[in-house]
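K.L.:
Quick one: structure below, then a few questions.
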Amino acid sequence: MFAKIFKSGAKSGAKSGAKSGKKQTKGEFDELLAMIDAENSKCAQTREALKDLDLFVLDNSLRESTVGQIKGHTLENKWAILEEVKKCGFENIIVSAFSHAPRVDDMFVKELTEREPDVSNYYAFTELGEGEGLQDVPIGLKKMKEYGLQNPIIEIDLAGSEYDACALLQKRIDFTRKELSPDAKIFVNLRDMPFAMVKCPNRVFTVIKFLGTLEKRPMGILYEEPTGAFLVEELTGWTKAIRELMRHCKWDDGLLLVHVHKKWGYGEVAQVQCLAHGANGIWASICEEGAALGHACSAVSMMNLVRLGNKKVLAKYNCTHLREAAINVTLHTTGSMPHSKQIVYGKRALDMAFDFGGIAGGQVDDSDFDMAKFFGVTPPKRISTLASSEMIKSRLEELFGEHEQFTLEIAEKMKERMNIDLTYENRKEEYMSHVGLAMLFDRAGGQMTMEMAEAIKNEAPLMKAHEELLAGVRAIWDEWDLREEGDERGDGDLEFYSFYNAFMAPYFGCYECDAAKKGLQAIDMNADNNVDWDEFAVYLKWALREYPDVTTVEDLLETAFLKGLIPAMQDERVN
């Protein structure tokens with residue numbers, strides 16, 4: 001087909017003057033257009049399926065986010081995470097995976113069942129069995145009975161095993177109905193589903209048919225892709241087959257929940273495609289933290305449904321809290337904020353990168369989904385060489401309030417300074433933060449304001465090593481402050497002479513020279529003929545953020561002066 005098209009295209013181009021923009025030969029690309037139409041038709045069906053999906057969320061934030069973490073959850077973390085997921089409107093929540101050794105889960109579940117009279121929507125993982133042939137009742141079910149939980153997730157592995165899975169499942173279901181609750185909501189997790197589908201698909205289908213033909217069926221089936229290595233098309237094909245078998249068993253109301261781990265970049269796509277082809281729910285944490293490289297989390301999957309126009313998910317869950325919950329659960333789990341470019345809930349996920357539409361990160365067109373607006377957030381304007389002067393001016397006002405200096409003219413100079421940094425001075429710096437933008441403004445000819453100093457003072461704290469360096473500089477500061485006389489002694493400010501001797505002398509030849517006076521004027525933001533700590537700290541904090549490898553107080557001071565203060569003072573005029 002392609003050979004014919006290209007041959008025809010080359011001939012018609014030569015004769016009809018394709019370069020001049022004349023109309024192409026009729027029907028020349030019909031086969032390609034038909035191929036696109038066929039693919040678009042499939043995509044339209046996928047979009048409609050996702051738009052109409054009544055999503056079931058089985059939240060796993062209390063378990064998934066701690067699997068394989070360097071730092072586990074404390075009891076306090078557990079309660080904080082539970083509060084976050086409840087704010088999202090999640091009612092069905094996995095609270096534990098029990099083992100023989102007591103751990104935080106045991107204490108948490110004990111407290112949970114004591115505090116909350118209704119635990120009918122809480123779930124816990126359990127193995128299929130223990131001992132020879134897996135005949136013994138697993139510890140998970142025993143502890144559920146002890147603690148008063150009634151909804152088990154029975155995990156089974158079908159590839160590489162020969163036990164009678166159906167007979168054992170019948171035993172565990174009978175035990176659950178008798179010992180835990182006749183109304184127990186039971187799930188069976190096909191833990192190694194992809195491998196079983198490759199090695200023994202008939203065994204998978206036999207188990208599903210068995211569950212689907214029980215007089216009192218389980219609530220549904222869970223399955224997972226634990227490696228992140230299988231293709232999206234493979235997972236969707238298996239999902240369709242499982243759903244078709246469930247329909248054949250007249251198990252149309254059965255839940256089929258998907259869970260996909262990440263490794264090769266397929267995670268979110270695979271999970272959403274499974275939802276479009278037979279799965280009707282997910283079991284996942286609100287954030288992507290988890291074993292190995294994490295998993296396709298509920299925050300990202302649900303926001304994909306929202307952006308595609310799914311009204312059911314909006315009515316069923318508090319989707320506007322998804323971003324905040326994902327951030328907080330990440331913090332409770334890792335002790336750190338999510339990666340800045342994390343989809344949906346990273347710091348830069350809502351950035352407006354350009355002042356025009358039609359390109360990634362540009363303004364949102366009327367037909368686009370505005371995620372920042374959905375979450376009630378004003379998108380930060382990303383300051384780079386591609387930012388417009390209007391964006392730079394707006395960012396100045398956003399961070400430091402309105403000021404007569406914040407004009408389009410100074411914004412244009414700031415943009416020029418960014419290009420000079422990269423092109424001629426080999427300086428790679430950021431201009432988004434309070435410190436970064438203030439320093440760019442100063443070096444472009446602006447006069448640092450007290451509002452800038454105050455905003456920088458209140459910015460997010462530095463890491464511990466940097467705080468120690470800052471404390472080292474402050475110790476020198478305090479020593480010179482105590483040398484001053486009268487009311488100036490120990491007042492927290494340094495007179496110009498003290499500041500020069502304490503910090504400037506290595507970089508300026510004399511106290512009285514114009515260069516030193518320019519430097520003092522640049523740093524004296526409130527023009528009171530003194531230098532206060534917050535004014536000096538602007539340059540120190542900037543140096544620490546831009547050049548985080550500094551290791552000594554001397555390195556910090558040298559960087560602050562040579563790369564910060566001295567370039568910033570060039571526009572100063574000696575009074």
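K.L.:
Looking only at the range 422-429, decide whether some residue is open to solvent by less than 20 Å² (accessible area, probe 1.4 Å) and closer than 17 Å to Arg382 by Cα.
P.N.:
Within the range 422-429 (the criterion being open to solvent by less than 20 Å² (accessible area, probe 1.4 Å) and closer than 17 Å to Arg382 by Cα), the answer is no, since none of the residues qualifies.
K.L.:
For the range 216-229, state whether one or more residues are among the polar types (S, T, N, Q) and open to solvent by 20 Å² or more (accessible area, probe 1.4 Å).
P.N.:
yes
K.L.:
In this structure, is Thr449 modelled with pLDDT of 85 or more, touching a His at 6+ places or on another chain (Cβ under 8 Å) and among the hydroxyl-bearing types (Ser, Thr, Tyr)?
P.N.:
Taking the combined requirement at face value, the residue satisfies it.
Residues checked against (1) open to solvent by 50 Å² or more (accessible area, probe 1.4 Å); (2) within 23 Å of Ala44 (Cα to Cα); (3) not charged (D, E, K, R):
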{"position": "Cys200", "(1), (2), (3)": "no, no, yes"}
{"position": "Phe205", "(1), (2), (3)": "yes, no, yes"}
{"position": "Leu211", "(1), (2), (3)": "no, no, yes"}
{"position": "Leu214", "(1), (2), (3)": "no, no, yes"}
{"position": "Thr236", "(1), (2), (3)": "no, yes, yes"}
{"position": "His248", "(1), (2), (3)": "yes, no, yes"}
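K.L.:
State which residue is farthest from Asn60 (Cα to Cα) when the search covers only the range 221-240 and only residues that are β-branched (Val, Ile, Thr) and touching a strand residue (DSSP E or B) at 6+ places or on another chain (Cβ under 8 Å).
P.N.:
Across the range 221-240, the extreme among qualifying residues is Thr239.
K.L.:
Do we have Leu399 as modelled with pLDDT under 90, surrounded by 13 or more Cβ atoms within 10 Å (Cβ to Cβ), of a type in the set (A, V, I, L, M) and closer than 20 Å to Asp549 by Cβ here?
P.N.:
Criteria not met by Leu399.
K.L.:
All but one of (1) closer than 30 Å to Leu82 by Cα; (2) modelled with pLDDT of 85 or more; (3) buried (at least 17 other Cβ atoms within 10 Å of the Cβ) hold for Ala387; which doesn't?
P.N.:
For Ala387, the failing item is (1).
K.L.:
Limited to the range 544-554, what total is found for residues that are part of a helix (DSSP H, G or I) and closer than 24 Å to Met432 by Cβ?
P.N.:
Residues in the range 544-554 being part of a helix (DSSP H, G or I) and closer than 24 Å to Met432 by Cβ: 3 in total.
K.L.:
Please verify whether the range 495-506 includes one or more residues that are closer than 29 Å to Met432 by Cα and either β-branched (Val, Ile, Thr) or in contact (Cβ under 8 Å) with a residue 24 or more places away in the chain (or both).
P.N.:
Within the range 495-506 (the criterion being closer than 29 Å to Met432 by Cα and either β-branched (Val, Ile, Thr) or in contact (Cβ under 8 Å) with a residue 24 or more places away in the chain (or both)), the answer is yes, since at least one residue qualifies.
K.L.:
Name the residues in the range 259-306 that are of a type in the set (S, T, N, Q), in contact (Cβ under 8 Å) with a residue 60 or more places away in the chain and under 16 Å from Lys240 (Cα atoms), would you?
P.N.:
Once the filter is applied, which keeps residues that are of a type in the set (S, T, N, Q), in contact (Cβ under 8 Å) with a residue 60 or more places away in the chain and under 16 Å from Lys240 (Cα atoms), the range 259-306 yields Gln273, Asn280.
K.L.:
Would you mention how many residues in the range 127-166 are touching an Asp or Glu at 6+ places or on another chain (Cβ under 7 Å) and either hydroxyl-bearing (Ser, Thr, Tyr) or open to solvent by 40 Å² or more (accessible area, probe 1.4 Å) (or both)?
P.N.:
Here the count works out to 5.
K.L.:
Taking into account only those residues within the range 116-126 that are out of contact with any strand residue (DSSP E or B) (no Cβ under 8 Å at 6 or more places or on another chain) and closer than 15 Å to Ser96 by Cβ, which is surrounded by the most Cβ atoms within 10 Å (Cβ to Cβ)?
P.N.:
Val119
K.L.:
Related question: Just name the residue that is nearest to the chain's Cα centre (by Cα) out of those in the range 76-96 that are over 13 Å from Asp59 (Cα atoms) and surrounded by fewer than 21 Cβ atoms within 10 Å (Cβ to Cβ).
P.N.:
So, considering only residues that are over 13 Å from Asp59 (Cα atoms) and surrounded by fewer than 21 Cβ atoms within 10 Å (Cβ to Cβ), the one nearest to the chain's Cα centre (by Cα) is Ala80.
K.L.:
Within the range 37-75, track down each residue that is open to solvent by 70 Å² or more (accessible area, probe 1.4 Å), assigned to a helix (DSSP H, G or I) and under 17 Å from Val300 (Cα atoms).
P.N.:
Arg47, Lys51
K.L.:
Scanning the range 118-134 for residues that are more than 21 Å from Asn60 (Cα to Cα) and either under 32 Å from the mean Cα position of the chain (by Cα) or part of a loop (DSSP other than H, G, I, E, B) (or both), which turns out modelled with the lowest pLDDT?
P.N.:
That would be Gly131.
K.L.:
Then there's this: State whether one or more residues within the range 404-427 are of a type outside the set (Ser, Thr, Tyr), in contact (Cβ under 8 Å) with a residue 60 or more places away in the chain and not in a helix (DSSP H, G or I).
P.N.:
Yes, the range 404-427 has at least one match.
K.L.:
Separate question: Just need a number here: residues in the range 406-421 that are at pLDDT 90 or above and buried (at least 17 other Cβ atoms within 10 Å of the Cβ).
P.N.:
Final tally of qualifying residues: 8.
K.L.:
In addition: Of the residues that make up the range 443-451, is at least one among the charged types (D, E, K, R), part of a helix (DSSP H, G or I) and open to solvent by less than 20 Å² (accessible area, probe 1.4 Å)?
P.N.:
yes
K.L.:
Turning to a different aspect of this structure: Any idea how many residues of the range 178-188 are surrounded by 15 or more Cβ atoms within 10 Å (Cβ to Cβ) and among the basic types (Lys, Arg)?
P.N.:
Adding up the residues that qualify gives 1.
K.L.:
A follow-up question, please. Which ones in the range 87-104 are in contact (Cβ under 8 Å) with a residue 12 or more places away in the chain and not β-branched (Val, Ile, Thr)?
P.N.:
Lys87, Cys88, Gly89, Phe90, Glu91, Asn92, Ser96, Ala97, Phe98, Ser99, His100
The values are calculated or read from the model by the stated rules, or taken from the named source; none is laboratory data. Since we're looking at a predicted model, the values are computed, not measured. All Cβ positions, even for glycine, are placed from backbone atoms using ideal geometry, and neighbour counts span all protein chains on display. For accessibility, only protein heavy atoms count, side chains too; no ligands or nucleic acids. Shrake-Rupley method; radii C 1.70, N 1.55, O 1.52, S 1.80 Å.
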